[in-house]
Amino acid sequence: MAISKLRIHRVRNLSALSLVPSPAINLIYGENGSGKTSVLEAIHLLGLARSFRTSQARHLIQAEQSDCVVYAEVDPLNQGEQKPLGVERLLEGDPRIRFAGKDIDLSTLAELIPLQVINADTFQLLEGSPAHRRQFLDWGVFHADPMFIQLWRGFRRVLKQRNSLLKCGKIDPRLREVWDREFVSFANALTEHRRDYLARLIPVFDQSLEHLLPGIRIELGFQSGWDSKRGLDEVLATSFERDLALGYTASGPQRADLRVKADGHSAAERLSRGQKKLVVSALKLAQGNLFQAMHKRPCVYLIDDLPSELDQQHNQLFCSLLEQSGNQCFITCVDHRALLEHWRPETAIATFHIADGALVKATGPAG
Ligand SMILES: Nc1ncnc2c1ncn2[C@@H]1O[C@H](COP(=O)(O)OP(=O)(O)OP(=O)(O)O)[C@@H](O)[C@H]1O
Ligand SMILES: [Mg+2]
């Protein structure tokens, strides 16, 4: 079980809010502007020390306040023991993260609380730039392999170095050879990890999609970021003059993409809004299911306005996949009656009615 007790202080319109979540399904409902998305923001802060909407802490921190804090009791590694976790953000500076009485860093936090968000921005997985899809893939690779973060940091360092040399406009050939060798070595390792992860994800994704959107053939394809029929060393050598003119490295894993096709066409162009929501949700659900299969522990899902874009039948299908997944889900909706009937009687559901940033009524998992 992931998060058991939750206390939120000074996050957007939530001055002080305490919740005792269910380990399974949590429905957070209330009128527009009541604070539902802010609860999800607070849980996101707890899991990643930042907002999912803004890079600036001042938008997350309540107006006129200088910090926000989220505390929880968590048992992220399923050890049967709840431990305190606290994340604080000030207007300036790095977040302060304490777990079980010790300061921890961001990547340790991200490893402890595997978070998945499904909200209006998730459409960017189909409609947005490749950066969104790389971030999606890298979430999976990060959680699949503890070595990945080192590899990723190493690659970013070499890429930055190569680009700053290119910007100077003149590179000593011997220096170039050294950096290119490093670049290719990191790039190939990174790409192999991404490719392997996607190969494991595809069958799990197909299963989720089969439930949510039968009848449409969705294909996922990996693009490494360079002409993969040729070695990256050869690509770098032949495009060197072009890179020099551009002032940056045009080929490599920093350009990787995940192609999503629906019945042979671009999914972004082909699918309806509701169908897109089902495809991106299936992608996110597949990541959580694969994570569970690998680590034998659940993820935390933050699903903002689950019913939007979906008809009753697809709401029902989505809810049944969520409850089967065994993940801890925080789901917001304006009218909870739209979702209440979709669960099996044995599923532990907690409901939280929010108004003006405060809890009006809660019913625990048994209620
Ligand atoms: N930094 C802030 N300080 C105080 N209040 C804020 C801050 N940022 C946003 N708010 C307010 O918090 C309230 C809750 O916003 P939130 O996005 O959580 O609403 P919501 O319940 O998700 O609404 P909707 O159903 O429209 O999505 C809004 O009135 C918003 O204007
Ligand atoms: Mg909202």
Using the Karplus curve 6.51 cos²θ - 1.76 cosθ + 1.60 with θ = phi - 60°, what ³J(HN,Hα) values do you get for each residue of segment 280-289, in whole Hz, with x for Gly and Pro? 5, 5, 4, 4, 5, 5, 5, 4, x, 5
Between 283, 212, 106, which gets the highest mean-square fluctuation from a Gaussian network model of the chain, Cα cutoff 10 Å? 106
Given charges of +1 on the Cβ of Lys and Arg and -1 on the Cβ of Asp and Glu, with all other atoms neutral, how large is the dipole of segment 121-296 about its Cα centre, in debye to the nearest 20? 360 debye
Quantify, in whole percent, the carbon and sulfur part of the accessible surface of the chain (1.4 Å probe; protein heavy atoms only). 49 percent
Of the DSSP beta bridges with both residues in the chain, give the percent that are antiparallel, rounding to the nearest 5. 70 percent
R0 of 25 Å, Cβ-Cβ distance residue 59-residue 163: FRET efficiency to nearest 0.05: 0.25
Each residue of segment 186-202 in turn: what ³J(HN,Hα) in whole Hz from Karplus with 6.51, -1.76, 1.60 and θ = phi - 60°, glycine and Pro shown as x? 5, 4, 5, 5, 4, 5, 4, 4, 5, 4, 4, 4, 4, 4, 6, 6, 4
Return the loop-located trypsin sites (Lys or Arg not before Pro) in segment 110-208 (DSSP other than H, G, I, E, B) with at most 16 other Cβ atoms within 10 Å of their own Cβ; answer none if there are none. 170
Chain lengthening between residue 120 and residue 106 when straightened (0.36 nm per residue, less Cα-Cα): 2.5 nm
Could you work out the longest stretch of the chain that avoids the GluC sites (Glu not before Pro) located in DSSP loops with at most 15 other Cβ atoms within 10 Å? 93-340
As a test question: what accessible area, to the nearest 10 Å², does residue 28 have when a 1.4 Å probe is rolled over all protein chains in place? 0 Å²
Geometric extent, Cα atoms of the chain - Rg, Dmax (angstrom): 22.1, 70
Measure off 7 Å from each Cα along the Cα-to-Cβ vector at residue 185 and residue 216, then give the distance between these two points in nanometres to one decimal. 4.5 nm
With the radius of gyration and the Kirkwood radius both derived from the Cα set of segment 121-296, what is their ratio Rg to Rh? 1.03
For the Cα atoms of the chain, what angle does the longest principal axis make with the long axis of helix 148-168, in degrees from 0 to 90, nearest 10? 50 degrees
Roll a 1.4 Å probe over the protein chains and send me the accessible area per residue for the chain in Å². 47 Å²
Go through segment 12-21 residue by residue and turn each phi into a ³J(HN,Hα) via Karplus (6.51, -1.76, 1.60, θ = phi - 60°); whole Hz please, and just put x for glycine and proline. 6, 8, 9, 6, 7, 9, 10, 10, 10, x
Cα centroids of segment 21-69 and segment 201-250: how far apart, whole angstrom? 34 Å
With axes computed from alpha carbons, what is the tilt in degrees of helix 312-325 against the longest principal axis of the chain, rounded to the nearest 10 within 0 to 90? 80 degrees
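The values are calculated or read from the model by the stated rules, or taken from the named source; none is laboratory data. The structure displayed is predicted, hence computed values, not measured ones. Because the Cβ atoms are built from the backbone with ideal geometry, glycine has one as well, and the counts that use them run over all protein chains shown. Quick note on the areas: whole protein, heavy atoms, side chains included, nothing else; ligands and nucleic acids left out. Shrake-Rupley method; radii C 1.70, N 1.55, O 1.52, S 1.80 Å.
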